[in-house]
Amino acid sequence: MKKQYRNILILVCILAVALIFELIYYHWFLGYKEPIRQVSLIVYGSDASRWENLKQGAELAAQDLNAEVTLITMSSENDAKEQISLIRREIANGADALLIAACDSVMIGAFLEKHPIRVPYAFVETGPDRQEGAHLYAADDAEMAETLLATIAANEKSWIKAAVIADHVERKSVKNRLDTILNSDIQYADEVVTWEKNEQEKDTKSQFFLQRKLTEEAVDVVIALDNSSMGELLDATVNLNKDIKIYGIADSAKSVYYLDNGLIKSLIFQDEFSAGYLALQDILQQEKRSGRQNRNEQKSVRFEKVNHNNMYDDKYQKLIFPHVR
């Protein structure tokens with residue numbers, strides 16, 4: 001009897017141990033899921049649709065890396081204090097990584113130098129003035145500016161007068177483009193003027209400033225160097241009876257609409273989808289790499305040139321019409 005009881009007890013113990021191992025297996029190997037990493041994409045401006053391509057690229061990379069992307073917009077274009085507060089807020093709320101389009105390169109750079117971010121991060125579209133500790137994913141600003149000037153030179157008469165909008169230069173990307181244009185050897189106009197607000201005009205709304213410039217100074221071509229200036233120029237132009245031609249570096253829905261409409265003659269735009277994809281891959285795989293020196297370099301993405309005649313070509317459609325991807 002004792003032997004039979006002992007055998008039953010041994011069998012019960014074996015079954016209990018087997019059950020425990022089975023529960024551990026199901027919990028750790030089948031039931032366990034890594035927590036989803038939260039990535040905050042912090043940009044400037046209040047127009048979320050303007051960043052759709054960038055967001056879609058980041059989201060595609062996130063699908064393979066167990067992550068979610070949240071787009072964080074600002075209420076303004078250039079308020080560095082607001083963007084810094086958003087960076088701090090997202091980190092405090094538990095963001096695992098950040099993608100940042102700097103609204104003010106000097107101010108954001110100074111903040112990061114004084115208050116290093118303890119989570120992985122990278123810059124997209126435009127970065128800080130001193131780019132230490134993180135990659136920038138963007139097209140080459142000088143090459144885009146040179147391509148824009150070559151396009152104007154090929155399309156327009158040599159005797160034209162051109163105006164270059166010098167606004168939002170607190171972003172390094174815009175300043176680089178402006179410097180390239182002002183120092184270029186490409187002969188694209190007989191006369192070039194710079195439209196820049198003076199000290200008394202700095203608080204004037206850009207749309208009204210540009211309306212006054214368009215009314216007071218006769219020009220044949222106006223050049224906008226980013227989405228912000230392009231949007232303000234279009235708002236200033238649509239209600240004026242002015243025969244001007246617009247060229248620029250932009251890819252917003254508004255700029256694409258007026259390219260189709262014919263007011264804009266040609267656009268240069270960078271592949272923000274690829275920028276978002278590569279940047280998110282970078283920051284979420286940082287911990288898996290070794291030897292990560294030189295994390296202050298720019299990772300260039302391609303850029304394209306479109307006009308009214310080729311904007312519906314297959315190679316451009318997904319880049320300038322992100323909502324139909």
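The values are calculated or read from the model by the stated rules, or taken from the named source; none is laboratory data. Source: prediction; values computed, not measured. Methodologically, a virtual Cβ is constructed for each residue, glycine included, from the backbone with ideal geometry; neighbour enumeration extends over all protein chains shown. Calculation scope for accessible area: heavy atoms of the full protein, side chains included, ligands and nucleic acids excluded. Shrake-Rupley method; radii C 1.70, N 1.55, O 1.52, S 1.80 Å.
Here are a few things to note about the model shown:
- For region 123-241: accessible area per residue (Å², 1.4 Å): 44 Å²
- Shown is the FRET efficiency for Asp243 and His308, computed with R0 = 22 Å from the Cβ-Cβ distance and rounded to the nearest 0.05: 0.85.
- With every protein chain in place, region 172-325: carbon and sulfur % of accessible area (1.4 Å): 42 percent
- Shape parameters for region 45-105, alpha-carbon atoms, Rg then Dmax in Å: 12.1, 34
- Sites matching trypsin sites (Lys or Arg not before Pro) across region 94-148 that sit in DSSP coil, with at most 10 neighbouring C-beta atoms within 10 Å: Arg118
- Within straight-line cross-link reach of Lys55, lysines at Cα separation under 16 Å, skipping those fewer than 8 residues along the same chain: Lys318
- Inter-label distance, Asp235 to Leu65: 3.4 nm, where each label sits 7 Å from its Cα along the C-beta direction.
- Positive-end ranking of Ala95, Phe123, Thr194 along the dipole of region 88-225, with charges on Cβ about the Cα centre, is headed by Ala95.
- Electrostatic dipole magnitude of region 116-221 [Cβ: Lys, Arg +1; Asp, Glu -1; Cα centre; debye, to 20]: 380 debye
- For a straight C-alpha distance cut-off of 20 angstrom, the aspartates and glutamates reachable from Lys157 (same-chain residues fewer than eight places away being disregarded) are Glu146, Asp185, Asp190, Glu191, Glu217, Asp220, Asp243.
- Using Cβ point charges alone (K and R +1, D and E -1), the dipole size of region 169-291 about the Cα centre works out to roughly 300 debye.
- Using the Cβ-Cβ distance between Thr194 and Ile36 with R0 = 56 Å, the FRET efficiency computed as 1/(1 + (r/R0)^6) comes to roughly 0.70.
- Of the GluC sites (Glu not before Pro) found in region 162-247, those in coil by DSSP whose Cβ has at most 16 other Cβ atoms within 10 Å are Glu196, Glu217.
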